[in-house]
1. How many residues, within the range 35-57, are farther than 13 Å from Ala77 by Cβ, surrounded by 14 or more Cβ atoms within 10 Å (Cβ to Cβ) and not hydroxyl-bearing (Ser, Thr, Tyr)?
2. Name, by its number, the condition in (1) among the hydrophobic types (A, V, I, L, M, F, W, C); (2) assigned to a loop (DSSP other than H, G, I, E, B); (3) touching a strand residue (DSSP E or B) at 6+ places or on another chain (Cβ under 6 Å) that does not hold for Val64.
3. Working only within the range 10-27, note down all residues that are among the charged types (D, E, K, R) and over 12 Å from Tyr42 (Cα atoms).
4. Looking only at the range 14-54, filter to residues that are among the small types (Gly, Ala, Ser) and not in a strand (DSSP E or B); which one of those is farthest from Trp68 (Cα to Cα)?
5. Could you identify the single residue in Ala82, Ala15 that is in contact with a helix residue (DSSP H, G or I) (Cβ under 6 Å, 6 or more places away or on another chain) and of a type in the set (A, V, I, L, M)?
6. State whether one or more residues within the range 21-35 are within 12 Å of the chain's Cα centre (by Cα) and of a type in the set (Ser, Thr, Tyr).
Amino acid sequence: MGQYTVPRLLIHATAGRLLLDPLARYVPGAMGAVDLYVLPSYDAAMISRTDDGWRLYPIGADDVPQPWSEETFVQTALQLLATA
């Protein structure tokens, strides 16, 4: 694959700003990782890609990873914005 650049996505919401930041194509236990940050605190939720598809890891350490969906993304974004 070689080296390549992937842009970040800055999301302006009415409650604040979020940053979707691609981390790596290959990480232990996954085939890719992205962080979703709330600005300016940089509290984050991780999103990873596995053989079963994309998984979103909620903010609480005891929470179980959720399959990627619009609903889980919005819920996690709202949780992050509430911590800002």
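Derivation of every value follows stated rules applied to the coordinates shown; laboratory data play no part. Note that the coordinates shown come from a computational prediction; the quantities given were computed from them, not determined experimentally. Quick reminder, even Gly has a Cβ in these numbers, built from the backbone with ideal geometry, and neighbours come from all protein chains shown.
1. Step one: of the range 35-57, the residues farther than 13 Å from Ala77 by Cβ are 40-42, 46, 48-55, 57.
Next, only the ones that are surrounded by 14 or more Cβ atoms within 10 Å (Cβ to Cβ) stay: 46, 48-49, 54-55, 57.
Then keep just the ones that are not hydroxyl-bearing (Ser, Thr, Tyr); that gives 46, 49, 54-55.
Adding up the residues that qualify gives 4.
2. (3)
3. Arg25
4. From the range 14-54, those among the small types (Gly, Ala, Ser) are 15-16, 24, 29-30, 32-33, 41, 44-45, 48, 53; that's our starting set.
Filter again for not in a strand (DSSP E or B), leaving 15, 29, 32, 41.
Working: Ala15: 22, Gly29: 17, Gly32: 14, Ser41: 24 Å.
By that ranking, first place goes to Ser41.
5. Ala15
6. no
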